[in-house]
Amino acid sequence: MSTPVVPPARTGGAGPAATARRLSPAVAWLFSVASGLAVANVYYAQPLLDLIADDLGIGRATVGLVGTLTQVGYAVGLVLLVPLGDHLDRRTLITAQLGLSVAALAAVAVAPSATLMLLAMAAVGVLAVVAQVMVAHAASLADPADQGRVVGTVTSGIVVGILLARTVAGTIGDLAGWRAVYVVSAVATGATAAVLALVVPAEKHRRTERIRYPRLVGSVFTLFAEEPVLRARAGLALLIFTAVTVLLTPMVLPLAAPPFNLSHTAIGLFGLAGAAGALGAGHAGRQADRGRARRTLAVGLTAMLVSWPLAGLLPHSVWWLVLAMVVIDYGLQSVHVVNQHLLYQVRPEARSRLTAGYMLLYSIGSGLGAIVSTVVYEHGGWTAVCWLGGGVSLLALAFWWATERGAAGGGPAASGTTASGTTASGTTAGDRPPLVH
């Protein structure tokens, strides 16, 4: 059995290795912007479907394939590309993926037919997972005592990118057409890639695992069997992202109907309310760095549960929905950041694969929420949707409480590591056997 390598950051020293790994706040914010731009590419099409359908002669019943193929591509990228961050230099991987994203976005912008456009959109989805590679890279470059804040900063960019993508796409689409959206994104992505290549430091003293690609991908699923922390965090991610998608997916239906009769542009502005909740990401990261992960999780999950009675008051005023979006997104980002922070304490040599496994269940949760919520709305209306979302949020709170209780009772280390870098079972990450040999 080969001896696992303990990265310098895990030793807690303040020597040259630790100093070389420090990530400046400016570069952390650059990661945040780049990640937001990358993940926004998955969501630009949502308010543009009617324009795309008219331009390329796609039927209204099938134009939804644009969003579906992009999301499927994203899931494929999580499994096939994100694990490469444990095998290759992440800075090189990030710049390469961003460069290919520019080509894919340009292909969407000039696609002469629906078939070519759909293929290009699938490629855009696959390559958008570079955002998750950036999270893992930023966490690896950060000082251990500052890792939670850095993860929170980058994650806040992803959240803002997701929430504002619809607003930006709708505005540009109205002014210059749907193709202009992807031209602008291609230019912004290319500029970001160039800046990242110049200013982002490499991970010094990191020894990547030299294993065959099929085994690298397969080890994403092996980690679920080996790491209780991943099972607990990913299970929680599935539930919280199911809950938030239950709110976001069908809300356009009551807002566009009487008595509100809001336009699509006005509905897109609701993303600004959710973006305000992204402030929870930075706060959660700082709290995790101070050893308050458990309390932050409790507050975040409770906030998500409380948001549903507020959302249920929508028939009385849209401002209740605005408040609900701020509260639920604050809670979501608090839980999401702490989840990632705890994951990154477990196996530094497998951070990219841990991210891939975690985000895979996040994607499944988002898909479930989108499908189930629209069916529930059709049969029970907005009130039924709120009961569904409240039930899922309550289940998430119960799931977290059960895993925390198991960890406190000497069970699996569902809470990750302590401030000293040891797991709940008393072993350090460096004592763990390597994932593959």
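Exactly one residue among 42, 82 is on the phi < 0 side of the Ramachandran plot, modelled with pLDDT of 85 or more and touching a Phe, Trp or Tyr at 6+ places or on another chain (Cβ under 7 Å), and that residue is 42.
Any idea which of 337, 392, 385 is at pLDDT 90 or above, open to solvent by less than 10 Å² (accessible area, probe 1.4 Å) and part of a helix (DSSP H, G or I)?
On the way: 337 fails: at pLDDT 90 or above; 392 fails: open to solvent by less than 10 Å² (accessible area, probe 1.4 Å).
Only one candidate qualifies: 385.
Of all the listed residues (168, 195, 184, 199), the sole one being within 23 Å of residue 31 (Cβ to Cβ), open to solvent by 50 Å² or more (accessible area, probe 1.4 Å), β-branched (Val, Ile, Thr) and without any contact (Cβ under 8 Å) to a residue 24 or more places away in the chain is 184. Applying a threshold of 8 Å to beta carbon distances and a minimum spacing of six or more residues, or different chains, the list of pairs starting in the range 233-247 at a residue that is under 16 Å from residue 387 (Cβ atoms) and ending at one that is of a type in the set (Asp, Glu) and in a helix (DSSP H, G or I) reads 244/329.
Of the helices (runs of 4 or more DSSP H) lying entirely inside the range 227-298, those carrying at least 2 residues that are open to solvent by 10 Å² or more (accessible area, probe 1.4 Å) and at pLDDT below 85 are 252-256, 264-268, 270-277, 279-289.
In summary, residue 313 fulfils each of the numbered conditions (1) without any contact (Cβ under 8 Å) to a residue 24 or more places away in the chain; (2) of a type in the set (A, V, I, L, M); (3) assigned to a helix (DSSP H, G or I) with the single exception of condition (3).
Going by the conditions given, is residue 331 farther than 19 Å from residue 396 by Cβ and part of a helix (DSSP H, G or I)?
It is false that residue 331 is farther than 19 Å from residue 396 by Cβ and part of a helix (DSSP H, G or I).
The number of residues in the range 338-382 that are among the hydrophobic types (A, V, I, L, M, F, W, C) and in contact with a His (Cβ under 9 Å, 6 or more places away or on another chain) comes to 0. Mind listing whichever residues of the range 48-66 are modelled with pLDDT of 75 or more and surrounded by 15 or more Cβ atoms within 10 Å (Cβ to Cβ)? Within the range 48-66, 48, 49, 51, 52, 53, 55, 56, 58, 65, 66 meet the criteria.
The values are calculated or read from the model by the stated rules, or taken from the named source; none is laboratory data. These numbers were taken from a predicted model, which means no experiment stands behind them. When we count neighbours, we look across all protein chains shown, and the Cβ atoms used for this are built from the backbone with ideal geometry, even at glycine. The accessibility values were calculated without ligands, DNA or RNA, using every heavy atom of the protein model including side chains. Shrake-Rupley method; radii C 1.70, N 1.55, O 1.52, S 1.80 Å.
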